[in-house]
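A quick write-up on the structure given underneath.
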Amino acid sequence: MDKGNWFPTEEGTPQGGVISPLLANIALHGMETELMNYANTLKGRKKENKQALSLIRYADDFVILP
């Protein structure tokens, strides 16, 4: 819908569709590992760097907290 006019969607996944979280999880697979690899490149103690970074994933959303 754009400015009150309806336009049918012919590609992509529908908003709220059950396939969207699955595709997001496939695309984001391994993100936790890469985040820990990134933490190893930061200055300071590696263990503390890893504990300081958090990745929260839910369905097709994610947040990275420093």
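The values are calculated or read from the model by the stated rules, or taken from the named source; none is laboratory data. Not measured: the values here are computed from a predicted model. For neighbour counting, all protein chains shown are included, and Cβ atoms are generated from backbone atoms with ideal geometry for every residue, glycine included. Heads up: the accessible areas ignore ligands, DNA and RNA and are worked out on the full protein's heavy atoms, side chains in. Shrake-Rupley method; radii C 1.70, N 1.55, O 1.52, S 1.80 Å.
With every protein chain present, what is the per residue accessible area of the chain (1.4 Å probe, Å²)? List each step's numbers first, then the result.
Working: 5840 Å² over 66 residues.
Per residue, the chain has an accessible area of 88 Å².
When the solvent-accessible area of the chain is split by element, carbon and sulfur atoms take up 57 percent of it, the probe being 1.4 Å.
Find, among the chymotrypsin sites (Phe, Trp or Tyr not before Pro) in the chain, those assigned to loop by DSSP (not H, G, I, E, B) with at most 10 other beta-carbon atoms within 10 angstrom. Passing sites in the chain are 6. Along its principal axes, the chain has C-alpha extents of 55, 24, 16 angstrom, given from the largest down. Rolled with a 1.4 Å probe across the full set of protein chains, the surface gives residue 64 an accessible area near 80 Å². Annotation note: GluC sites (Glu not before Pro) in the chain located in DSSP loop regions with a Cβ neighbour count of at most 10 within 10 Å are 10, 11. Here each label is just a point 7 Å from Cα along the line to Cβ, and for residue 40 and residue 64 those points are 1.6 nm apart. For a label point 7 angstrom out from the Cα of residue 53 toward its Cβ, which stretches of the stretch 1-36 have the backbone nitrogen within less than 18 Å? What the label zone holds, given the 18 Å backbone N cut-off, is 28-36. Here is how the number arises for the chain: DSSP H runs of 4 or more residues each give -39500 (n - 2.57), the sum is divided by the residue count, and the result at 222 nm is -12000 deg cm²/dmol.
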